[in-house]
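Since every read-out is calculated from the coordinates, none of them should be taken as a lab result. No experiment lies behind these values; they were computed from the predicted model shown. Glycine gets a Cβ as well: all are built from the backbone with ideal geometry, and neighbour counts include every protein chain shown.
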Amino acid sequence: MTEIVCHNIEDTEKLAKNFALSAKDTGAFVCLKGEVGSGKTAFVKFTCKYLNVKEKVTSPSFVILNEYKSGELPVYHFDLYRLENEGISTILNELEEYSEGKILTFVEWSEYSQNALPFEKIDINIKYINENERKFIFSAEGKKNKEILKRLEQ
């Protein structure tokens, strides 16, 4: 587990840049957790910026999935918040497909999957400290993802 405190939005951008550089060669499946306003979408936006994504990066809250294919690798951005249990069960197989290959997949509100994401992933739990500060808690399953976190710590 890796914990990193960001004291302002500039720190969050630096962290996202390091994450992008660490994950761009292999891709990853990333579960983002945190309360509303903790910075999940901001982290995705900054990561996409450093992967040279040209599309406007927005929250997928109302569409469930945004796809960005103009960058150094495809980025898929899911939001499970509005799905009920039944809805989530219908996309679990699809989510597993987004965990394979050299792609970067972000899933906001992954806790709504009832821990039904059995494949290797990186979990990022973002804790709101105050208006400016956030604590990012990273954990990883699988060799590839653990290597990404090692690079992130350097």
Requested in this report: Answer with one residue from F78, L104, C31: the one whose Cα lies farthest towards the positive end of the charge dipole of the range 2-135, charges on Cβ with Lys, Arg +1 and Asp, Glu -1.
Outcome: L104
Report summary line: Under 5 Å from the placed amide H of V30, counting only residues 5+ away or on other chains, we find T105, F106, V107, I122
Query raised in the report: Once phi is turned into θ = phi - 60°, what whole-Hz ³J(HN,Hα) does the Karplus curve with 6.51, -1.76 and 1.60 give for every residue of the range 130-147, x standing for Gly and Pro?
Result: 7, 3, 9, 9, 9, 10, 9, 10, 9, 9, 9, 10, x, 4, 4, 5, 5, 5
Query - Computed magnitude of the charge dipole of the chain (debye, nearest 20; Cβ of K, R +1, Cβ of D, E -1) - result: 540 debye
Report task. Beyond 21 Å between alpha-carbons counts as too far, so tell me which of K56/K144; K24/K127; K102/K143 fall in that bin. Result -> K56/K144; K24/K127
Query raised in the report: Is any residue of the range 29-43 close enough, with backbone N under 18 Å, to a label point placed 7 angstrom from the Cα of E111 along the Cα-Cβ axis, and if so, which?
Result: 30-43
Report task. Taking a cut-off of 12 Å between Cα atoms, list the aspartates and glutamates near K54, but don't count ones fewer than 8 places away on the same chain. Result -> E67, E72
**Report entry** Cα gyration tensor shape of the chain, rounded if a/c is under 1.5, else prolate or oblate by comparing a/b with b/c
**Finding:** rounded
Query raised in the report: Which whole-number percent is the relative contact order of the range 2-135 (Cα, under 8 Å, 6+ apart)?
Result: 36 percent
